[in-house]
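The values are calculated or read from the model by the stated rules, or taken from the named source; none is laboratory data. All of these numbers come straight from a predicted model, not from anything done at the bench. Cβ: placed from backbone, ideal geometry, glycine included. Neighbour counts: every protein chain shown.
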Amino acid sequence: MNRALFYRRLPSPLHAARAGVGALWATALVAAALLLYHPLVLLALGLALLGAAAGAGVGGDLRRTLRTALIVALPIVLINVLVTREGLTVFARLGDLGPFGQGDLTVEALVYGAVIALKVTVLILVSTLASLAVDPDELLRLLRRFSFRSALTASLATRMVPLLAADAQRLAEAQRTRPAGTARGGNARGVRGCVAPRGVRGSGSARGVRGRVALFAAVLGGSLDRAMDVAATLELRGFAAASGTRRRTGGMARPWSRHDLAFCASAIAVLALALAGRLTGAAAFDAYPQLHMHVDVGTLVLCVALPLAILLPMCDRRGIEP
Amino acid sequence: MSVLAFADVTYRYPAAQAPALAGVSLEIAPGEMCLLAGLSGHGKSTLLRAACGLAPHFHGGQFAGRVTICGLDTREHGPAALGGVAGVLFQDPETQLVMNSVRAELALALESRGYSPAEVARGVEEVALALGVDHLLERSTHELSGGEKQRVALGAALAGRPKVVLLDEPTSQLDPVAADELIGLLWRLNQEWETTIVLAEHRLERCLAVADRVLALHDGRLAHDGSPGSFLEWSASHAAALQTPGAKLFSLAGLAPPPVGVKQARATLRRHGLLPPEPAPGQAPVPPARLTSGQAPGLTRGQAPAPAPASVRARRWHRPTAPAAALQMRGVWHELRNGPAILRGVNLALAPGESVALMGRNGAGKSTLLRHAAGLLQPTRGRIECTRIALLLQNPGDYFLHEHVRDELSEAALLAAGLAGMAERNPRDLSGGERQRLALAIVTGDGEPPAVVALDEPTRGMDREAKAVLAAELRRRAQEGQAVLVATHDPEFACACAERVVLLADGRVIADGPATELLAGGWYFATETARILGGAGGALAPEQGAALLSSYQRPALKVPAGIYG
């Protein structure tokens, strides 16, 4: 099971902050990633995120996510350089591509694609960090004031993701222990037979596809059974009664901690810096028609101030134990 | 004034031929701790579901009669309303945890009923303290162990401080330690807060001692209603499958009354002079397994033990010779990246025809060891040699991919498994024992039989009758020359199907020897018979214990052979 997907309470300043503040902080980071285009600033933002993840105790998970993000980022660069017809510096000519016109590949399109890929990578990192360090239950509890059932259903859905992943893993293991050809209709195809001598494994793409379809159907069937049991549990916990009950349960009263205040301040600072960078042009970047990446004092200030604003709240390690 | 009352209740599930409950009438007083006994499919779960309103509100079906709980008629109030007065806990904790964190889980029922934030916070705090889960409050629910999950699910059911708690085999997924802790917790709830407990359970010996009353169901009818003592007397003549091992031991040895627990059994034996007195200060006690039949109780060190009964001797374990091993594990390690070692240098050899029980607490490495044996995992160090192995994992339902039994196996294999008459049925509609048989037939295949048959916790949620059938099947396979390796928490089942026990702890083999020694001398890893007799003579099963007791009284008595035959 991929642990990177799920929230775990860890001793870190970010985990110690209330979920609403954590979400606000993550939103500020997303806004910064969307507002800023300068590659140096985006790079500084990405590195600061990796540092923040290390401070939150999920550095390893975020590094793994970074590898996955690169799989998404590379096609962005490739597609941009292939489809964009802007830019003056041609580095390869593919000739006449018929309805697509001249296939000239430009340095500008390549670099702009790389910047967009960097932006997407930063957004993926922010989302992952938020999903790892912001308590979804607490966050959804905030939404229950407006729609109790919808928020509860969303909570349930987030709870079911790891359960279904575990179900799928269990079923796949069970299918691997079936000997090949135990039933009519080739039901056991696509799975590895453990009754066969060790090392002998079923193979073949067609078998694999059929096996996966059977596995998917079994997981789906199992999830419906589970849904019935969960529905019974929810019923007994008063889910039906909740619709007619006056909601007074937006959240348990909780005083603002130093970490709540610190991350709130950090979010405001990041937003302010991003806006300032956007409005002053300190984080501007023009790719077309020709690359123009100016680096002035404002850019350097952003490259230093943004990581500082992100990382400073991580330095206060008091009162972080769950 | 009863807290729960059934008045001539008959209930039939939708599309079912026979009613699941038939004319059930009973009353349970406040503060009673009631045990529901009965074989699988005889109405225990349905009775609990009717008590909390799930039947018929959630399941549908035909309902006749009247159920009232804390004065609320279940026909007029749905499960959501009844949940305020009755906490419910089912078998599988996974399906009862709906939130991501323990705190949110405990708070959910209170929030759903519109309690104020302060009331919710207080309720969560109190129930966490009462159940000893306060240290788990900030943990994610998917990180908890099985015992912790069941405890949190119980906490969620108790958060609203219900007057009645209904529990459907809550210990079936737990190891013996966690199961005993849960029963202890229920007893404390009952004693300290006068909470009425209605508990359905298969392993009655675990909870009879704390129960006030036992309700036995048969074919949906109330077959017996009385004290634990009277239930044991009734089961001896009317429902042998419900007898506890201790009661069976007494019944076979001609002793009375049948004991509800080890303490009472030992007191009775002591009164009859059939137990050694407690050792005097300074006197070293004899290790229990060394006491054998024919020795007078009170044997002291230095006295030569007499030969064991034939039945016990016949089940002695012989260490297999390595060249002929059906399964050979040499120094097997399983080390997680950035994590702990799950297996630490395990050496294990199984001879053809040998049956071995793998025991140990949850997390000891039993399932991992089986997965390595079957090739599902590769050891990070060490070597495994095995020609052909069939592994049956914990949930037999995971093996079923089709809507008909006939699609899962060939006709010949179905016939061999005794399931030929069920070819047209949906595998998921089979009983627990039948599903287990079908899954076992699937993994063993219909070709050449495997050299090793391995099973991971095969008795979870099974009644005694189904366990006996499975044990017989495993003994048959062993007699045919297949090695049998069973990971189990159930010492009674281990005793019934294995001649050798391997005890795992923290990924290491900490004990490996004959069942007669390893299951005789412990607290948790011991059968009830062994605990009653203090491990004397290595007697594990009631039949062996009865023979031993008879030999104390009449040394010339011949022990019947073929106890397991």
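Residue pairs whose Cβ atoms lie under 6 Å apart, separated by 6 or more positions or on different chains, with the first residue in the stretch A:54-71 and at positive phi and the second small (Gly, Ala, Ser) and not in a helix (DSSP H, G or I), are A:57/A:12.
Residues in the stretch B:462-490 that are farther than 20 Å from residue B:359 by Cβ and in a loop (DSSP other than H, G, I, E, B) were compared, and the one that is modelled with the lowest pLDDT is B:463.
Here is the figure for the stretch B:434-449: residues that are within 19 Å of residue B:485 (Cα to Cα) and more than 14 Å from every other protein chain (Cβ to nearest Cβ) total 1.
Would you check if residue B:453 is touching a Phe, Trp or Tyr at 6+ places or on another chain (Cβ under 8 Å), buried (at least 22 other Cβ atoms within 10 Å of the Cβ), over 30 Å from residue B:37 (Cα atoms) and not aromatic (Phe, Trp, Tyr)? Spelling it out, it is not the case that residue B:453 is touching a Phe, Trp or Tyr at 6+ places or on another chain (Cβ under 8 Å), buried (at least 22 other Cβ atoms within 10 Å of the Cβ), over 30 Å from residue B:37 (Cα atoms) and not aromatic (Phe, Trp, Tyr). Note on the stretch B:129-147: residues that are more than 7 Å from every other protein chain (Cβ to nearest Cβ) and outside any helix (DSSP H, G or I) total 5.
From B:480, B:411, which residue is within 14 Å of another protein chain (Cβ to nearest Cβ), over 15 Å from the mean Cα position of the chain (by Cα) and of a type outside the set (A, V, I, L, M, F, W, C)? Steps first, please.
Values: B:480 fails: within 14 Å of another protein chain (Cβ to nearest Cβ).
After applying the criteria, what remains is B:411.
Name the one entry in A:177, A:153 that is modelled with pLDDT under 80, hydroxyl-bearing (Ser, Thr, Tyr) and assigned by TED's automatic domain parsing to the domain that holds residue A:226. Spell out the reasoning first.
Values: A:177 fails: modelled with pLDDT under 80.
Selected residue: A:153, the only one of A:177, A:153 that is modelled with pLDDT under 80, hydroxyl-bearing (Ser, Thr, Tyr) and assigned by TED's automatic domain parsing to the domain that holds residue A:226.
For the stretch B:371-394, a residue qualifies if it is crowded, with 17+ Cβ neighbours inside 10 Å and facing another protein chain (nearest Cβ under 7 Å), and the qualifying residues are B:374, B:375, B:376, B:386, B:388, B:389, B:390, B:391, B:393.
Results for (1) on the phi > 0 side of the Ramachandran plot; (2) modelled with pLDDT under 90; (3) outside any helix (DSSP H, G or I), shown as yes or no for each residue.
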| site | (1), (2), (3) |
| --- | --- |
| B:88 | no, no, yes |
| B:111 | no, yes, no |
| B:115 | no, yes, yes |
| B:149 | no, yes, no |
| B:156 | no, no, no |
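Across the stretch B:414-424, the number of residues qualifying as surrounded by fewer than 16 Cβ atoms within 10 Å (Cβ to Cβ) and either within 7 Å of chain A (Cβ to nearest Cβ) or part of a loop (DSSP other than H, G, I, E, B) (or both) comes to 3.
Yes or no: residue A:109 farther than 26 Å from residue A:293 by Cα and at pLDDT 90 or above? For residue A:109, the condition - farther than 26 Å from residue A:293 by Cα and at pLDDT 90 or above - is not met.
Got at least one residue in the stretch B:3-16 being in contact with a Phe, Trp or Tyr (Cβ under 6 Å, 6 or more places away or on another chain), surrounded by fewer than 21 Cβ atoms within 10 Å (Cβ to Cβ), farther than 26 Å from residue B:235 by Cβ and assigned by TED's automatic domain parsing to the domain that holds residue B:211? There is no residue in the stretch B:3-16 that is in contact with a Phe, Trp or Tyr (Cβ under 6 Å, 6 or more places away or on another chain), surrounded by fewer than 21 Cβ atoms within 10 Å (Cβ to Cβ), farther than 26 Å from residue B:235 by Cβ and assigned by TED's automatic domain parsing to the domain that holds residue B:211. Taken over the stretch B:64-79, the criterion of being at pLDDT below 95 and under 11 Å from residue B:11 (Cα atoms) is satisfied by no residue.
Suppose the filter is assigned to a helix (DSSP H, G or I), out of contact with any strand residue (DSSP E or B) (no Cβ under 7 Å at 6 or more places or on another chain), more than 8 Å from chain A (Cβ to nearest Cβ) and crowded, with 20+ Cβ neighbours inside 10 Å; does residue B:126 pass it? The answer is no for residue B:126. The number of residues in the stretch A:153-179 being touching a residue at least 12 places away in the same chain (Cβ under 8 Å) and part of a helix (DSSP H, G or I) comes to 18. In the set (1) within 19 Å of residue B:12 (Cβ to Cβ); (2) outside the structural domain of residue B:207 (by TED's automatic domain parsing), the condition left unmet by residue B:90 is number (1). When residue B:459 is tested against (1) polar (S, T, N, Q); (2) outside any loop (DSSP other than H, G, I, E, B); (3) in the same structural domain as residue B:388 (by TED's automatic domain parsing), just one condition goes unmet, and that condition is (2). Considering only the stretch A:184-200, I want to know if a residue exists there that is surrounded by fewer than 21 Cβ atoms within 10 Å (Cβ to Cβ), part of a helix (DSSP H, G or I), at pLDDT below 75 and more than 8 Å from chain B (Cβ to nearest Cβ). Checked the stretch A:184-200: at least one residue is surrounded by fewer than 21 Cβ atoms within 10 Å (Cβ to Cβ), part of a helix (DSSP H, G or I), at pLDDT below 75 and more than 8 Å from chain B (Cβ to nearest Cβ).
Of the residues making up the stretch A:135-152, those that are assigned to a helix (DSSP H, G or I) and either facing chain B (nearest Cβ under 9 Å) or aromatic (Phe, Trp, Tyr) (or both) are A:136, A:137, A:138, A:140, A:141, A:148, A:152. Of the residues B:364, B:349, the single one that is more than 10 Å from chain A (Cβ to nearest Cβ), part of a loop (DSSP other than H, G, I, E, B) and closer than 26 Å to residue B:515 by Cβ is B:364.
Could you list, in sequence order, all residues of the stretch B:374-425 that are aromatic (Phe, Trp, Tyr) and either touching a Pro at 6+ places or on another chain (Cβ under 6 Å) or at pLDDT below 85 (or both)?
B:400
Across the stretch B:61-83, the number of residues qualifying as surrounded by fewer than 21 Cβ atoms within 10 Å (Cβ to Cβ) and either within 9 Å of chain A (Cβ to nearest Cβ) or in contact (Cβ under 8 Å) with a residue 12 or more places away in the chain (or both) comes to 13. Only one of the numbered conditions (1) at pLDDT below 80; (2) under 30 Å from residue B:79 (Cβ atoms) is not met by residue A:170, and that is (1).
Give the stretch A:71-103 a look and list any residue that's of a type outside the set (A, V, I, L, M) and more than 20 Å from residue A:115 (Cα to Cα), or say none.
At the first step, the residues of the stretch A:71-103 found to be of a type outside the set (A, V, I, L, M) are A:75, A:80, A:84-87, A:89, A:91, A:93, A:95-96, A:98-103.
The answer is A:93, A:95, A:96, A:98, A:99, A:100, A:101, A:102, A:103.
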